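Working notes for the structure below.
The values are calculated or read from the model by the stated rules, or taken from the named source; none is laboratory data. Bear in mind that the values here come from a model prediction, so they are computed numbers and not experimental data. Please note: Cβ atoms are built from the backbone with ideal geometry, for glycine as well, and neighbour counts cover all protein chains shown.
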Amino acid sequence: MAQEDIFKKLTAHCKEYGYVFPSSEIYDGLSAIYDYGQHGVELKNNIRKYWWDSMVLLHENIVGIDSAIFMHPAIWKASGHVDAFNDPLIDNRDSKKRYRADILIEEHMAGIDGKIDREIGKAARRFGEAFDEKQYRETNKRVLSYQEKLDGISARYSKAMNDNNLQELRQIILDSEIVCPVSGTRNWTEVRQFNLMFSTETGSTAEGANKIYLRPETAQGIFVNFLNVQKTGRMKLPFGIAQVGKAFRNEIVARQFIFRMREFEQMEMQFFVKPGTELEWFEYWKEARIRWFRALGFGDDNYRFHDHTKLAHYANAATDIEYKFPFGFREVEGIHSRTDFDLRQHQQYSGKRMQYFDPEKGESYIPCVVETSIGLDRMFLHIISASYNEEELKKDDGSSDMRVVMKLPAFLAPVKLAVMPLVRKDGLPEIAEKIIQNLKFSFNCQYDDKDSIGRRYRRQDAIGTPYCITIDHQTREDETLTIRYRDSMIQERVAVSQLPEIIGEKVSFEGPLRKIQDE
Ligand code: GAP
């Protein structure tokens, strides 16, 4: 399915079932800005908790903070964002549309890669068991020619990005005959740099207004509070500071639903370590973080590391954790060994010592930092797209039916339990209400008495509710009811008193958290 179609389907589903709405929709929306609805906010809170607990609960030496969005403008000078947090942009003169030059080239390369995959897929079907992919890649003329083209563009592109060579980026676009998706022409302007930070002003003009930025990452709030936390918490190296909060970037490519937004949330953790040990800790966090993803149960092969060969000047190791979205592997989290760059910069710009006194060594030094940084909204998109299923259900009469089911991990699901009286009379709604009154302290329950039971099940499947219970006339007699499991659709008769145990075990955060803690 084409990327646009997948986004269309997910966007429509998220809107229909109260997950994500376009922001300011009645005014035709605001590009790359979204609101979370009644179910979206619950799922987001649960993802946030899963991350927070994996950091702060599971590690005695990690604590959290919540720093302000506005910070002293000098921070962004020190961090390098004022001078270098740029995207290379190019305009098409005919459509008047603006694009990121790097993304145009990357999408073009992904297109060639896709052609290779299709050739290989066709050959695999043709040759069946006997197919040797490696040999085919090395000998098939068409695949070789695509690969040569891809390698050529990739080498030029890496060099141009490394050298910050904007003219060469434009030349690659021209040489690769990349056309504007809207006008279909190659009438491109020059490429120029565009800073991604939003700015506003503090104070009135009379007082002399000051330019101030909306933070483009949460990490700097951690760096500048490093000593406050270390001293007040009497923290010893190695230790970490975790934070979840909003970040803002004036992204130009904005047609990928919540993959790339202008206002989004990050979950970042800076781990402060003795210089010289940072690469060991980098490996530690790579493994710890991939375990966090894998514990969700979406399949280990759907994640991969993408180690950076080109490192930013402040990093001595970097990798991305990528998830296989329906539109290909994409970054969800970045892990960087940032050396002592950020603290050293802040020491220089603020004139304050950003050093740790090491009681064992009896000396002070600037610690190194290993950062884990994941987008909460991007993680949300990962969970939604991994959970979304369209299933064909065969009926007894031979016909078939479709169900859309969100197979969310039960502990993340916004609604844990739907409580359904079979009919709206005979005291059944009252029993349902009583059950909710008992369980609501532990689980998010939803009362549902509209439509047939079948339609109610479909509705809850589409929301991703792992358990539905139906109260019928027998419930009045013997205090039993029918529980129906979302994924298997199996129904069984259980006692009302068993519910906390049956549901509690699966929706608890403890299971996944136990899976990821250090071996
Ligand atoms: N402090 C490091 C940092 O901010 P980054 O790679 O720019 O690194 C980290 O961002 C993560 O934040 C990304 O892996 C992604 O999940 C998320 N992210 C970045 N820009 C985003 C955007 N415009 N919309 C949604 N998520 C974004």
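For segment 374-387, check the following and say yes or no: at least one residue is within 16 Å of the ligand (Cβ to nearest atom), surrounded by 15 or more Cβ atoms within 10 Å (Cβ to Cβ), more than 18 Å from CYS14 (Cβ to Cβ) and modelled with pLDDT of 95 or more.
Narrowing segment 374-387 to residues within 16 Å of the ligand (Cβ to nearest atom): 374-386.
Checking which are surrounded by 15 or more Cβ atoms within 10 Å (Cβ to Cβ) leaves us with 374-386.
If we keep only those that are more than 18 Å from CYS14 (Cβ to Cβ) as well, we get 374.
The next check asks that each one be modelled with pLDDT of 95 or more; those that pass are 374.
Yes.
Give, as residue ranges, the strands (runs of 3 or more DSSP E) completely inside segment 56-141 that count at least 3 residues that are under 22 Å from ASN228 (Cα atoms) and modelled with pLDDT of 95 or more.
On the way: elements: 62-64, 86-91, 98-100.
Counting at least 3 such residues, we get 62-64.
Which one of these does VAL370 not meet: (1) within 21 Å of ASP340 (Cα to Cα); (2) away from the ligand (no atom under 16 Å from the Cβ)?
(2)
Could you identify the single residue in GLU177, GLU129 that is closer than 17 Å to TYR99 by Cβ and free of Cβ contacts under 8 Å to residues at least 12 places away in the same chain? Before the answer, list the steps.
Values: GLU129 fails: closer than 17 Å to TYR99 by Cβ.
The match here is GLU177.
Restricting attention to helices (runs of 4 or more DSSP H) lying wholly within segment 439-519, give those where 1 or more residues are under 21 Å from ASN46 (Cα atoms) and in contact with a Phe, Trp or Tyr (Cβ under 8 Å, 6 or more places away or on another chain). Outline the logic, then answer.
Details: elements: 453-463, 473-478, 499-507, 510-516.
Correct list: 453-463, 499-507, 510-516.
Across segment 271-296, what is the number of residues that are within 16 Å of the ligand (Cβ to nearest atom), under 23 Å from ILE47 (Cβ atoms) and touching a Phe, Trp or Tyr at 6+ places or on another chain (Cβ under 7 Å)?
Of the residues in that region, 5 qualify.
Yes/no per residue for (1) at pLDDT below 95; (2) on the phi > 0 side of the Ramachandran plot:
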{"residue": "PHE271", "(1), (2)": "no, no"}
{"residue": "GLU280", "(1), (2)": "no, no"}
{"residue": "TRP285", "(1), (2)": "no, no"}
{"residue": "ALA288", "(1), (2)": "no, no"}
{"residue": "ASP301", "(1), (2)": "yes, no"}
{"residue": "ALA315", "(1), (2)": "yes, no"}
{"residue": "GLY328", "(1), (2)": "yes, yes"}
{"residue": "GLY334", "(1), (2)": "no, no"}
{"residue": "ARG338", "(1), (2)": "no, no"}
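Regarding GLU433, is this residue in a strand (DSSP E or B), out of contact with any Leu (no Cβ under 7 Å at 6 or more places or on another chain) and either modelled with pLDDT under 95 or at negative phi (or both)? Give the derivation first.
Working: in a strand (DSSP E or B): no; out of contact with any Leu (no Cβ under 7 Å at 6 or more places or on another chain): yes; either modelled with pLDDT under 95 or at negative phi (or both): yes.
No, not satisfied.
Report yes if PHE194 is within 30 Å of ASN46 (Cα to Cα) and not in a helix (DSSP H, G or I), otherwise no.
Numbers: within 30 Å of ASN46 (Cα to Cα): no; not in a helix (DSSP H, G or I): yes.
Criteria not met by PHE194.
Which ones in segment 116-138 are under 28 Å from ILE178 (Cα atoms) and loosely packed, with under 15 Cβ neighbours inside 10 Å?
ASP117, ARG118, GLY121, LYS122, GLU138
Restricting the search to segment 67-80, which residues are under 14 Å from ALA219 (Cβ atoms) and in contact with a strand residue (DSSP E or B) (Cβ under 7 Å, 6 or more places away or on another chain)?
SER67, ILE69, TRP76
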